[in-house]
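> Handing you a structure now.
The values are calculated or read from the model by the stated rules, or taken from the named source; none is laboratory data. Because the structure is a prediction, the values reported are computed rather than measured. Every residue, glycine among them, receives a Cβ derived from its backbone with ideal geometry; neighbour counts consider all protein chains shown. Side chains included, ligands, DNA and RNA excluded: accessible areas come from the protein's heavy atoms. Shrake-Rupley method; radii C 1.70, N 1.55, O 1.52, S 1.80 Å.
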Amino acid sequence: MNPYTYSVSLRFSHPDIDPAEITRQLGLEPERAWRVGSPRQTPKGTPLDGVYQESHWYTRLTSEGKGISEDLSLEEHLSHLVAQLDSFKQFFAQVRADGGRVELSIGMFGDQNFGFELSPPLLTSIESLHLFLLFDIYPRPQNW
């Protein structure tokens, strides 16, 4: 199998949760967060028109920003993450019950075709946490 790199983020979107509550519950600092009704802005802080229509929070879960398949496959990395996130199962379920969404957002990068697999036990574990999986697959490596 050809090598690839990947990045995994934990993302929340919710009709009205205070992002500080997510930070408190998880004990993780967000890379970026905003609350519904706040003025919109770019990641660098430049103001945009309008206000955010929902609350959002995310943080990167891949050390040094990326994983390398030759060191640790995506499936192995996700297995470790899901085990770590299991203690937040009730919080994730509450977010979902309140109309929110929790997802693992996965960016994948490779110079040539590559493949990966997610085993049924891993998918069952992800489902038990009520997590969505979002994949963004890029045809070339990114300039980290």
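> With the requirement that a residue be open to solvent by 30 Å² or more (accessible area, probe 1.4 Å) and not in a strand (DSSP E or B), what does the stretch 1-22 give you?
First, the residues of the stretch 1-22 that are open to solvent by 30 Å² or more (accessible area, probe 1.4 Å): 1-3, 11, 15-16, 18, 20-21.
Selection gives Met1, Asn2, Pro3, Pro15, Asp16, Asp18, Ala20, Glu21.
> Failed condition for Ala93, given (1) in a helix (DSSP H, G or I); (2) of a type in the set (Gly, Ala, Ser); (3) touching a residue at least 40 places away in the same chain (Cβ under 8 Å), with all others met?
(3)
> Moving to a separate point now. List every residue pair whose Cβ atoms sit under 6 Å apart, with the two residues 6 or more apart in sequence or on different chains, where the first one lies in the stretch 101-128 and is open to solvent by 40 Å² or more (accessible area, probe 1.4 Å) and the second, anywhere, is among the hydrophobic types (A, V, I, L, M, F, W, C).
Correct list of pairs: Phe116/Leu74; Ser125/Val82.
> May I pose another question? Hey, could you check the stretch 43-65 for residues that are assigned to a loop (DSSP other than H, G, I, E, B) and in contact with a helix residue (DSSP H, G or I) (Cβ under 9 Å, 6 or more places away or on another chain) and say which is most open to solvent (accessible area, probe 1.4 Å)? If you could, list the steps in order and put the result at the bottom.
Kept after step one, since they are assigned to a loop (DSSP other than H, G, I, E, B), are these residues of the stretch 43-65: 43-46, 52-54, 61-62.
Next, from what is left, pick out any that are in contact with a helix residue (DSSP H, G or I) (Cβ under 9 Å, 6 or more places away or on another chain): 61-62.
Details: Leu61: 34, Thr62: 11 Å².
Checking each candidate, the answer is Leu61.
> Taking Gly45, is it at positive phi and either hydrophobic (A, V, I, L, M, F, W, C) or at pLDDT 95 or above (or both)?
Details: at positive phi: yes; either hydrophobic (A, V, I, L, M, F, W, C) or at pLDDT 95 or above (or both): no.
Considered against the rule, which asks whether it is at positive phi and either hydrophobic (A, V, I, L, M, F, W, C) or at pLDDT 95 or above (or both), Gly45 comes out as no.
> While we're here: For the stretch 73-82, which residues satisfy the criterion of being outside any loop (DSSP other than H, G, I, E, B) and either among the polar types (S, T, N, Q) or touching a helix residue (DSSP H, G or I) at 6+ places or on another chain (Cβ under 8 Å) (or both)? Explain how you work it out, then say what you get.
From the stretch 73-82, those outside any loop (DSSP other than H, G, I, E, B) are 74-82; that's our starting set.
Scanning the stretch 73-82 gives Glu75, Leu78, Ser79, Val82.
> Report yes if Asp86 is over 30 Å from Gly115 (Cα atoms) and either surrounded by 15 or more Cβ atoms within 10 Å (Cβ to Cβ) or at pLDDT 95 or above (or both), otherwise no.
Working: over 30 Å from Gly115 (Cα atoms): no; either surrounded by 15 or more Cβ atoms within 10 Å (Cβ to Cβ) or at pLDDT 95 or above (or both): yes.
For Asp86, the condition - over 30 Å from Gly115 (Cα atoms) and either surrounded by 15 or more Cβ atoms within 10 Å (Cβ to Cβ) or at pLDDT 95 or above (or both) - is not met.
> If you don't mind, another one. May I ask you to list pairs of residues, at least six apart or on different chains, whose Cβ atoms are under 7 Å apart, with the first in the stretch 6-21 being at pLDDT 95 or above and the second being in a strand (DSSP E or B) and open to solvent by 60 Å² or more (accessible area, probe 1.4 Å)?
Ser9/Arg60; Ser13/Arg101
> I've got another one for you. Within the stretch 96-144, count every residue that is touching a helix residue (DSSP H, G or I) at 6+ places or on another chain (Cβ under 6 Å), farther than 21 Å from Ile68 by Cα and in a loop (DSSP other than H, G, I, E, B).
Here the count works out to 2.
> Consider Glu70 against the criteria (1) open to solvent by 70 Å² or more (accessible area, probe 1.4 Å); (2) assigned to a loop (DSSP other than H, G, I, E, B); (3) within 26 Å of Gln90 (Cβ to Cβ): it satisfies all of them except one. Which criterion is unmet?
Of the numbered conditions (1) open to solvent by 70 Å² or more (accessible area, probe 1.4 Å); (2) assigned to a loop (DSSP other than H, G, I, E, B); (3) within 26 Å of Gln90 (Cβ to Cβ), the odd one out for Glu70 is (3).
> Tell me yes or no: at least one residue of the stretch 29-42 is more than 27 Å from Phe91 (Cα to Cα), assigned to a loop (DSSP other than H, G, I, E, B) and either among the hydroxyl-bearing types (Ser, Thr, Tyr) or open to solvent by 50 Å² or more (accessible area, probe 1.4 Å) (or both).
Yes, there is a match, as at least one residue in the stretch 29-42 is more than 27 Å from Phe91 (Cα to Cα), assigned to a loop (DSSP other than H, G, I, E, B) and either among the hydroxyl-bearing types (Ser, Thr, Tyr) or open to solvent by 50 Å² or more (accessible area, probe 1.4 Å) (or both).
> Tally the residues that are charged (D, E, K, R) and either touching a strand residue (DSSP E or B) at 6+ places or on another chain (Cβ under 6 Å) or open to solvent by 70 Å² or more (accessible area, probe 1.4 Å) (or both), restricting the search to the stretch 73-83. Can you show your working first?
Taking the stretch 73-83 as the starting set, the residues that turn out to be charged (D, E, K, R) are 75-76.
When the remaining residues are screened for being either touching a strand residue (DSSP E or B) at 6+ places or on another chain (Cβ under 6 Å) or open to solvent by 70 Å² or more (accessible area, probe 1.4 Å) (or both), the result is 76.
Count: 1.
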